[in-house]
Amino acid sequence: MVRREAVVRQEWWDVLRPPADLAHQCGQLISEQQPEGALEQQKLRQLVQAIADQPELWQPLVVQDPTRRRYRLLYEDDRIDVWVLSWMPGQATGFHDHDHSEVALMCVQGTILERQMLLPSGASKVEMTPGTVRTGGAGYIHAVNHLHGEPAVSIHAYSPPLIHVGQYVIDEAGILERKIEHGRRELMDNTIQI
């Protein structure tokens, strides 16, 4: 396990407001996908693919930061939020779920690795290269980390918006716990290593 005690969570103002022009353009794509209501996995998949096809939407939000994984808000309303995540060597989320939100994530630059727990031990491994899309329903548990590219970049869309995240950690007695975090709080990789 890589410990990152020196890493400090990014500040709230880094992720509160997307640039207005980019948010407007992204909002138009969302309205084309589905004018109202929460988006299900297939619509989220189509949305992240449409955003990926317009690099002028996501490239301005890419941040190369070797000290921590960076995420920037591209769009939000009462039914969806869309994020651009930048990944550098050693950066990872740890195992987590998205609570009530469905998700689609797409790699657009470099390579990231998505893992899902396999019980009683181990984890699946899916290398995500540009164009790879993964989707999951509410409660989808996974961990994501950087593999190649400086930075690797992924686009994530959640519907309804990501209000809470369940972060999985092992306590001092070795017991698995689910800690509830705010959906905008940076996930730290302090979880299970399998």
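The numbers here are math on the coordinates, done by the rules we state, and not lab data. What you are looking at is a predicted structure, and each value in this text was computed from that prediction instead of being measured. With ideal geometry, Cβ positions are generated from the backbone for all residues, glycine too; neighbour counts draw on all protein chains shown.
Miscellaneous remarks
- Positive minus negative residues near Glu36 (Lys, Arg vs Asp, Glu; Cβ under 11 Å): -1
- Count Lys and Arg as plus one, Asp and Glu as minus one, and take only other residues whose Cβ is under 13 Å from that of Phe95; the net charge is then -2.
- Each peptide among 114-124, 85-95 gets the average number of other Cβ atoms lying within 10 Å of its residues, and from highest to lowest they stand as 85-95, 114-124.
- The chain - mean residue ellipticity at 222 nm from DSSP helices (-39,500 (n - 2.57) per run, n ≥ 4, rounded to 500): -4500 deg cm²/dmol
- Using θ = phi - 60° in the Karplus curve 6.51 cos²θ - 1.76 cosθ + 1.60, the 3J(HN,Hα) couplings for the range 38-43 round to 5, 9, 8, 3, 5, 5 Hz; x is entered for Gly and Pro.
- Karplus-derived 3J(HN,Hα) values for the range 125-138, using 6.51 cos²θ - 1.76 cosθ + 1.60 with θ = phi - 60°, are 9, 10, 6, 9, 9, x, x, 6, 10, 10, 10, x, x, 3 Hz; glycine and proline are entered as x.
- In this simple spin-label model, placing a label point 7 Å from the Cα along the Cα-to-Cβ direction at both Val126 and His148 gives a separation of 1.9 nm.
- Relative contact order (percent, whole number), the range 18-182, Cα cutoff 8 Å, 6+ residue spacing: 26
- Amide H contacts of Gln109: Val153, each under 5 Å away and 5 or more positions distant or on a separate chain (H built 1.01 Å from N in the peptide plane; Pro and chain starts excluded).
- Most mobile listed residue (Ile170, Ile51, Ile141) in the chain, GNM with C-alpha springs under 10 Å: Ile170
- Along the range 108-115 the Karplus relation, 6.51 cos²θ - 1.76 cosθ + 1.60 evaluated at θ = phi - 60°, assigns HN-Hα couplings of 10, 7, x, 9, 10, 10, 10, 10 Hz to successive residues, with x for each Gly and Pro.
- For Met128, the amide hydrogen comes within under 5 Å of the amide hydrogens of Ile112, Leu113, Glu114, counting only partners 5 or more places away or on other chains and with H modelled in the peptide plane.
- Counting other Cβ atoms within 10 Å as a rough exposure proxy, the listed residues Cys107, Cys26 run Cys26, Cys107 from fewest neighbours to most.
- Residues whose placed amide H lies under 5 Å from that of Leu162, excluding near-sequence neighbours: Asp81
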